[in-house]
1. Collect residues whose amide H, placed 1.01 Å from N in the peptide plane, falls under 5 Å from the amide H of ILE92; neighbours closer than 5 in sequence don't count.
2. Rounded, prolate or oblate: which fits the stretch 11-140, taking a ≥ b ≥ c as square roots of the Cα gyration tensor eigenvalues, rounded meaning a/c under 1.5, else prolate when a/b beats b/c?
3. Would you pull out the residues with amide H under 5 Å of ALA58's amide H, same chain only if 5 or more places away, H placed 1.01 Å from N?
4. For SER65, enumerate residues with amide H under 5 Å from its amide H, sequence gap 5+ or separate chain, H modeled in the peptide plane.
5. Quick one: what are the phi-derived ³J(HN,Hα) couplings along the stretch 94-108, Karplus 6.51/-1.76/1.60 with θ = phi - 60°, whole Hz, x for glycine and proline?
6. Using the Karplus equation 6.51 cos²θ - 1.76 cosθ + 1.60 (θ = phi - 60°), what ³J(HN,Hα) coupling, rounded to whole Hz, does each residue of the stretch 124-136 give in order, writing x for Gly and Pro?
7. How many nm separate the modelled label positions at SER67 and GLU102, each set 7 Å beyond the Cα in the direction of the Cβ?
8. With each pseudo-label sitting 7 Å past Cα toward Cβ, what's the LYS138-GLU28 distance in nm, one decimal?
Amino acid sequence: MARLDLSGLDALDELMNGLSDLSTDIDEVAKECIDAATPTLVEALQSNIQSAANRGYADGSLAASISPTKAKTNAYGNFAAVRPVGTNARGIRNAEKLAYLEYGTSRQEAHPVMKKAIAQAEPQTKEIIQKRFEERVKKYVKQ
């Protein structure tokens, strides 16, 4: 838990200036925090894909294709995507294969992996984001 001691107006002014500097860089701080946490989700999704798809026909190319994007900002806030990229040796898109695995087909039972991976990775990603944010805030607010 962070601790903050303020004594006198100079300390309060220093805190306000540090927070003001942080507010101008908050999108960059958020992107850095998100980028630090995405590998955790990548690992969880790959693990869930391997366990769900390992039924004798999977070659591991879907799990290997999982890749994060760099964090970006849009009208809704900051985000990164963790998704399959590319195609397999037969030319089938990996995103399509993940959809078949997740939702099933007329011949294949659904094996939901995304929601399970998100739930598994959530505690660790929250911890990573919180830790990285606290590290960055220390740069702006002298204690």
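We did not get these values from a lab; they are worked out from the coordinates using the rules stated. Keep in mind that this is a model prediction, so the values were computed, not measured. Cβ placement follows ideal geometry from the backbone for every residue including glycine, while neighbour counts extend to all protein chains displayed.
1. Under 5 Å from the amide H of ILE92 lies no amide H from a residue far enough along the sequence or on another chain.
2. Details: a/c = 3.50, a/b = 2.80, b/c = 1.25.
Prolate is the answer for the stretch 11-140, as a/c is 1.5 or above and a/b outweighs b/c.
3. Close amide H contacts, sequence-distant or interchain: none at all.
4. When sequence neighbours closer than 5 places are left aside, there are no close amide H contacts.
5. 5, 5, 5, 5, 5, 5, 4, 5, 5, 9, x, 9, 5, 10, 10
6. So the J values, rounded to whole Hz, are 5, 5, 4, 5, 5, 4, 4, 5, 5, 5, 4, 4, 5.
7. Computed distance between label sites SER67 and GLU102 equals 1.8 nm.
8. Calculated label separation equals 1.9 nm.
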